[in-house]
Amino acid sequence: MATISFRSLMLFSAVLRLFFIIYGEWQDTHMEVRYTDVDYLVFSDAAALMALGKSPYKRSTYRYSPLIAFLLIPNALIHRTWGKILFSVSDLLVGYFIRTILKLRGVPENLCTYSVMVWLLNPFTFTIGTRGNCEPIVCAMVLWIIICLMNGNLLHAAFWYGLVVHLRIYPIIYAFPIILTLDQSHFQSGKKPILTDWSSSKIQSTNGSGSIKITDPCHIWVSLKSMFTRGRLLFGLISAAVFFFCTGFFFYLYAWEFLHEALLYHLTRTDPRHNFSIYFYHIYLHYEHEFALSEKLISFLPQVTVQLVLIWRFAQDLPFCFFLQTLAFVAFNKVITAQYFVWFFCLLPLVLPWTNMKLKWEGWACILFWIGAQSHWLMWGYLLEFNGKHVFMQLWMASLLFLAANTYVMVTFILRHTSSPVFKRLEHGLSNIPTKID
């Protein structure tokens, strides 16, 4: 494959997105089926309300932070494509951040470029922003947080983490792996953390080569104390302060309407249609009835269990942990819409340089199984939504197949992944703990 420069790739990607924005305007005007995402119309209406000094929640089905509507106020003042341009620029920024993260870890230039292509030239991802979906902004923020952590900028990482959780609640799943990564053996005051290079062929165990025995009565206290490091406390306090400040400020402006639509709604959301989730059929059968608390909790149990296992096993390999967490979170969620897929697509290029998977066999198997299962679901969804066919059971079976496809992809990546903790362990960081190494 001919060498492609990153600058040429970015330029082509920008032109491609501009073309689809212009084409989308033409299709919206001349064709019955609109190119623009219906959510974009909701964003634009909410932004117009904010421009008039009114609540964005006067627009029914606006269930996002007021920040999204605020960013799109130029839609009402300048041109309606402003938001699409903003989201597409964020989409390109995701590609730039992917390259930045890979270069920080010493990934060769060609491999960096090919990995970035997985994002920038993915038809699903470049149509997300050009159709007017806000997810590229969230993806860019998540990647920027990883960059800040890799550069040792905990204050910046904490600020953006608090903000992104306010913007879209799902990044809360990254809290535990981030906190676990902020170990004193990786982060020390005034020092930039040392990153594990891509070319490293042997990864030393983070547990050392021996066991630790207690030689002092205060060892347990010192160990517990070491859990509450300056970095962890700083990150937790700042990110929580930013989240609660934003939430409190908008609660002051828009009261319970904001709290319900932007946060609480997403915790209790049920959707009997347009939903890839395995819980789809159960939701459909009981849609007009209130779900018992036990039912709501049970639906979260598989999701929480998988998250904890992945965090316990892969937290030190931060980008890979984020990727698996996000894929599992989406796969086991009560509601799954197509826009959720972009959440893990932006993290996929960060793990490709460390996979032993061959595209010719296992790679294509993952791609075809995942796309095939999704297309199979969409076929039944089309028969239900547009033809009015009673195919709820078939649609539920298609949801089970899609869960199997996501699980297969996740397990395959785990089996073919080369473990590579992001940060090198600095053993002298633990010298203040009285231990005896066997």
If I ask for residues that are surrounded by 19 or more Cβ atoms within 10 Å (Cβ to Cβ) and acidic (Asp, Glu), which ones from region 294-352 would you list?
Asp317
Taking the condition of a type in the set (Ser, Thr, Tyr) and more than 27 Å from Ser299 (Cα to Cα), does Thr355 pass?
yes
Within the set of pairs 6 or more residues apart or between chains, which connect a residue that is crowded, with 16+ Cβ neighbours inside 10 Å inside region 101-116 to a residue that is among the small types (Gly, Ala, Ser) with Cβ atoms less than 7 Å apart?
Leu102/Ser115; Val116/Gly95
Out of (1) touching an Asp or Glu at 6+ places or on another chain (Cβ under 9 Å); (2) at pLDDT below 95, the odd one out for Cys346 is which?
(2)
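Within region 230-315, which helices (runs of 4 or more DSSP H) (wholly inside it) include 1 or more residues that are under 23 Å from the mean Cα position of the chain (by Cα) and either at pLDDT below 80 or closer than 18 Å to Ala328 by Cβ (or both)? Full working, then the answer.
Numbers: elements: 230-259, 265-268, 280-285, 293-314.
It comes to 265-268, 280-285, 293-314.
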Qualifying residues in region 212-229 (those that are under 17 Å from Ser189 (Cα atoms) and open to solvent by less than 40 Å² (accessible area, probe 1.4 Å)) - the one modelled with the lowest pLDDT
Ser226
Test result for Asp45, in contact with a helix residue (DSSP H, G or I) (Cβ under 8 Å, 6 or more places away or on another chain), among the acidic types (Asp, Glu) and not in a loop (DSSP other than H, G, I, E, B)
no
Of (1) in a loop (DSSP other than H, G, I, E, B); (2) in contact with a helix residue (DSSP H, G or I) (Cβ under 7 Å, 6 or more places away or on another chain); (3) not hydroxyl-bearing (Ser, Thr, Tyr), Leu149 fails just (1)
Please verify whether region 124-136 includes one or more residues that are closer than 18 Å to Val351 by Cβ and open to solvent by less than 10 Å² (accessible area, probe 1.4 Å).
yes
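For region 11-52, which positions are under 18 Å from Leu121 (Cβ atoms), of a type outside the set (Val, Ile, Thr) and open to solvent by less than 40 Å² (accessible area, probe 1.4 Å)?
Of region 11-52, the ones under 18 Å from Leu121 (Cβ atoms) are 11-21, 23.
Filter once more, keeping what is of a type outside the set (Val, Ile, Thr): 11-14, 16-20, 23.
Hits for region 11-52 are Ser13, Ala14, Leu16, Arg17.
Restricting the search to region 174-211, which residues are among the small types (Gly, Ala, Ser), surrounded by fewer than 17 Cβ atoms within 10 Å (Cβ to Cβ), modelled with pLDDT of 50 or more and outside any helix (DSSP H, G or I)?
So the first thing to find is which residues in region 174-211 are among the small types (Gly, Ala, Ser), and the list is 175, 185, 189-190, 199-201, 205, 208-211.
Still in the list and also surrounded by fewer than 17 Cβ atoms within 10 Å (Cβ to Cβ): 175, 189-190, 199-201, 205, 208-211.
Among the residues that remain, those that are also modelled with pLDDT of 50 or more are: 175, 189-190, 199-200.
Answer for region 174-211, where residues must be among the small types (Gly, Ala, Ser), surrounded by fewer than 17 Cβ atoms within 10 Å (Cβ to Cβ), modelled with pLDDT of 50 or more and outside any helix (DSSP H, G or I): Ser189, Gly190, Ser199, Ser200.
The values are calculated or read from the model by the stated rules, or taken from the named source; none is laboratory data. This structure is a prediction, so every number in the text was calculated from the model and none was measured. So basically every Cβ, Gly included, is an ideal-geometry build from the backbone, and we count neighbours across all protein chains shown. We work out accessible area using only protein heavy atoms, side chains counted, and drop any ligands, DNA or RNA first. Shrake-Rupley method; radii C 1.70, N 1.55, O 1.52, S 1.80 Å.
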